[in-house]
Amino acid sequence: MSTIKPRSKLPLSLITIVICAFAFFALFYAERFTTLSPNSVLKFKSCSKKGPIAKSTNDPTTDRRTVEDNVEDLEEDEKLEFDPNSCDVANGKWAYNASNKPLYSDTTCPYLDMQVECVKNGRPDSDYRHWEWQPDDCVLPRFNRELALEKIRGKRLMFVGDSLQRAQWQSFVCLVESIIPKKQKSMRRGRAHSVFKVKEYNATIEFYWAPFLVESNSDLHIIADPRERILRVDSISKHAKHWIGVDILVFNTYVWWMSGLKIKSLWGSFPNGEEGFEELDAPIAYRLGLKTWANWVDSTVDRNKTRVFFTTMSPTHMRSADWNHKGGIRCYNETKPVMKKGHWGTGSDKRIMKVVIDIVGKMKVPVTFLNVTQLSEHRIDAHSSVYTETEGHILTDEQKADPQRYADCIHWCLPGVPDTWNQLFLAYL
């Protein structure tokens, strides 16, 4: 009888190779299909460059600092280039950079309002002009004047809204105007509609005053007392006729709604003059007004010819308790940003933010958010404060000595925070 010979065992090394091969192919195909997903592609980060390993100095403090610096460098290296579809610009930090000099000043740009000319109005410090916003997961490109002009070549760019939107308009004009020859530019200021013309590029950078976007009795002849203001929350045509045919529209409306009072709102015509209004809570009136704006955009704007942006609310800093400054007076004498991650004060109403998200999310025409709220929340140091004007005159020394009454913690110094808004705007363009 023949005996059956036992099978020889496979070498361990061969088994290892086979297993690794199967694992490799499985991983390869899994990774291949994963990377085909658009969302996953946007989340990939490039490998950071490895530098030489720092030698120990035998000094624990120095070694710890070196390690922290290396970690920060690696984090910066790992950041993605800016992609509007993946970069969350709301999460980040303000970093001081003394070499980061503004592209203009309130003494070199002739198009600024006295309200925002802080240095000319006597502000002694300048650090507020050297902070730069750094998102956590991407690199925000610096403002490139030549690129900005190329982006608007042959186009009309219009900012629409209140005085904060006017500041963004003036910021954009000042950022680009210095490289335009004097004979190739002109400015026409109007009560409602102002136009900066760039002849060489056949372009205009415009501002249209509409603080509520919808119509009110306080549009041109401003009524100082908010209790006397009446809004037509379903009417927009008086303003909107000036927006037709514009190539790039940047809208904003917020601070005029936030008086703390109920808003007198009208529907339909004015059969009895301005009687028959109903007093509504701000978020309700805001929703009605913004819905009117959204309906106009969807019914009028050609999405193939016009791009629409919406600048989110610009925060106010009226309560120093929001950033735990006991004894502080509004934003007066603040010289540094709030560094606490995700700081949010009482000057930004999340109810209004929710209304904007809800309504824009249902629109047919795409609207790009310029999400400036969170990054601006930190900048308690960058408001006009007492270095501003009232009724066309710079504050007197007596008025500056009364910041509780006169400190402007709504508007921003220029150059300043609105330049960062435009840095973000250009990145989206």
Checklist outcome for this item: Of the conditions (1) within 25 Å of residue 249 (Cβ to Cβ); (2) surrounded by 15 or more Cβ atoms within 10 Å (Cβ to Cβ), the single one that residue 380 does not satisfy is (1)
Checklist entry - Looking at segment 307-327, which of its residues are in contact (Cβ under 8 Å) with a residue 40 or more places away in the chain and open to solvent by 20 Å² or more (accessible area, probe 1.4 Å)? => result 307, 316, 318, 323
Item to check | Of residues in segment 100-119 being touching a residue at least 24 places away in the same chain (Cβ under 8 Å) and polar (S, T, N, Q), the one most open to solvent (accessible area, probe 1.4 Å) | outcome: 108
Checklist entry - Restricting attention to segment 191-208, which residues are closer than 26 Å to residue 150 by Cα and open to solvent by less than 60 Å² (accessible area, probe 1.4 Å)? => result 193, 194, 195, 196, 198, 201, 203, 204, 205, 206, 207, 208
Next on the checklist: Can you report the number of residues in segment 87-96 which are open to solvent by less than 40 Å² (accessible area, probe 1.4 Å) and either in contact with a Gly (Cβ under 9 Å, 6 or more places away or on another chain) or modelled with pLDDT under 95 (or both)?
Outcome noted: 3
Checklist entry - What are the residue pairs meeting all of these: first residue in segment 371-398, first residue assigned to a helix (DSSP H, G or I), second residue open to solvent by 50 Å² or more (accessible area, probe 1.4 Å), Cβ atoms under 8 Å, and 6 or more apart or on different chains? => result 374/91; 374/344; 377/344
Next on the checklist: Just to be sure I understand, how many residues within segment 192-223 are more than 28 Å from residue 280 (Cβ to Cβ) and out of contact with any Lys or Arg (no Cβ under 9 Å at 6 or more places or on another chain)?
Outcome noted: 1
Item to check | Qualifying positions in segment 300-342 - under 30 Å from residue 152 (Cβ atoms) and in contact with a Cys (Cβ under 6 Å, 6 or more places away or on another chain) | outcome: none
Checklist entry - Restricting attention to segment 120-133, which residues are open to solvent by 50 Å² or more (accessible area, probe 1.4 Å), in contact (Cβ under 8 Å) with a residue 40 or more places away in the chain and assigned to a loop (DSSP other than H, G, I, E, B)? => result none
Item to check | Residue identified as of a type in the set (A, V, I, L, M), without any contact (Cβ under 8 Å) to a residue 60 or more places away in the chain and within 25 Å of residue 281 (Cβ to Cβ) among 352, 357 | outcome: 357
Item to check | Filtered residues of segment 328-349 (kept if surrounded by fewer than 20 Cβ atoms within 10 Å (Cβ to Cβ) and aliphatic (A, V, I, L, M)) | outcome: 329, 339
Item to check | Pick from segment 209-223, criterion small (Gly, Ala, Ser) and open to solvent by less than 10 Å² (accessible area, probe 1.4 Å), ranking: farthest from residue 177 (Cα to Cα) | outcome: 218
Checklist entry - Hey, among the residues in segment 365-377 that are out of contact with any helix residue (DSSP H, G or I) (no Cβ under 6 Å at 6 or more places or on another chain) and open to solvent by 10 Å² or more (accessible area, probe 1.4 Å), which one's nearest to residue 294 (Cα to Cα)? => result 366
Item to check | Within segment 224-252, considering residues that are part of a loop (DSSP other than H, G, I, E, B) and touching a Lys or Arg at 6+ places or on another chain (Cβ under 6 Å), the one least open to solvent (accessible area, probe 1.4 Å) | outcome: 246
Checklist entry - Taking the condition among the small types (Gly, Ala, Ser), under 17 Å from the mean Cα position of the chain (by Cα) and either open to solvent by 20 Å² or more (accessible area, probe 1.4 Å) or modelled with pLDDT of 95 or more (or both), does residue 161 pass? => result yes
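The values are calculated or read from the model by the stated rules, or taken from the named source; none is laboratory data. Given the structure is predicted, the values throughout are model-derived calculations rather than measurements. Glycine also receives a Cβ, built like all others from the backbone with ideal geometry; neighbour counts cover every protein chain displayed. In case anyone asks, the SASA skips ligands and DNA or RNA and just uses the protein heavy atoms, side chains included. Shrake-Rupley method; radii C 1.70, N 1.55, O 1.52, S 1.80 Å.
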